[in-house]
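**Q** Sharing a structure, written as structure tokens. Questions coming.
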Amino acid sequence: MCKETFLRLPEEKRARITDAAWDEFTTVPFAKASINRIIRGAGIPRGSFYQYFEDKGDLFRYLMTRVHDEMTGQFRKLLREADGNLFGAALTSYDRFLSGQARGKPIPVLERCISLARLNPGMDLETLGHGYRPEKDEIIGKFLEDIDKAPFRRQDTRFLSGVCCMAGICLLSVLMDSMLNPGREDERRDELLDALDILRRGSYTEAALRDAKGVEL
């Protein structure tokens, strides 16, 4: 993914390299991305690049791990703020996205992901990253540490992992659609609210649903 020599670099130099890489990967399709432009943007010799990464695919995999870590960390923070309410945290994620868009302050990591999707239609992260794909169990396992399991009718890992995955798919779908097709964000929020309510009704106990009646997720 990256070599130890890169991880030992000063933070400022690592940031210059990753910023230059993002500039390249969000400007041209992956197949046309140029190591020469990246090293010029970062202000490093070509030989140094290969001391840090095997190739541009190796650099891309490193960037994807950063995206994964940042998005996972942000959602775990929202889960804790929501006292472990999975569906409430998902809705809050979208509301904060809308708030940022309205203030002209979009979320950088989402903006980058959208640019990648636009520039590389039909290609998934596994293809782009030459094999990069985080393990689902690794991702979900982190979320399960913060989810309030009490309302669910089953509390085994398999069941909760499935619910968590479906909630994540609903959230990412409306986020991507809202960024690719601006102007219908409120409509997309209603769609997310409906989807999360369906998931909640299918996964909560009857007692938990009664307690939550009239409360927006």
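**Q** Using the Cα centre of the chain as the reference point, and only Cβ charges (+1 on K/R, -1 on D/E), how large is the resulting charge dipole? Debye, rounded to the nearest 20.
**A** The dipole magnitude comes to about 540 debye.
**Q** To continue, here is another question. Can you tell which of PHE60, PHE97, PHE159 shows the greatest fluctuation in a Gaussian network model of the chain with Cα springs below 10 Å?
**A** Highest fluctuation of the listed residues: PHE159.
**Q** Which order, highest average first, do 18-30, 66-78 follow once you tally other Cβ atoms within 10 Å for each residue and take the mean per peptide?
**A** 18-30, 66-78
**Q** Using Cα pairs closer than 8 Å and at least 6 residues apart in sequence, work out the relative contact order for the chain, in percent.
**A** Taking the mean separation of contacting Cα pairs over the length of the chain, I get 23 percent.
**Q** For a Förster distance of 45 Å, can you work out the FRET efficiency between the beta-carbons of ASP23 and ASP190, rounded to the nearest 0.05?
**A** 0.80
**Q** For LEU98 paired with ARG158, estimate the spin-label separation in nm (one decimal), with each label point 7 Å from Cα along the Cα-to-Cβ line.
**A** 3.7 nm
**Q** A further question on this structure: When the helices in the chain are scored as -39500 (n - 2.57) per DSSP H run of 4 or longer and the sum is shared across all residues, what 222 nm value do you end up with, to the nearest 500 deg cm²/dmol?
**A** -22000 deg cm²/dmol
**Q** Ordered by residue, what ³J(HN,Hα) values in Hz, to whole numbers, does segment 186-198 give under the Karplus form 6.51 cos²θ - 1.76 cosθ + 1.60, where θ = phi - 60° and Gly and Pro are x?
**A** Values per residue, Gly and Pro as x: 5, 5, 5, 5, 4, 5, 5, 4, 5, 5, 5, 5, 4 Hz.
**Q** Now for a different question. Near PHE6, within a Cβ-to-Cβ distance under 13 Å, what is the net charge of the other residues, with Lys and Arg +1 and Asp and Glu -1?
**A** +3
**Q** Name the long-range amide H neighbours of TYR204: under 5 Å, sequence gap of 5 or more, or other chain; modelled H, no Pro or chain starts.
**A** Those lying under 5 Å, H to H, from TYR204 are ARG153.
The numbers here are math on the coordinates, done by the rules we state, and not lab data. Everything numeric here is computed off the predicted structure, so don't read it as measured data. Note that we place each Cβ from the backbone using ideal geometry, even for glycine, and neighbour counts take in every protein chain shown.
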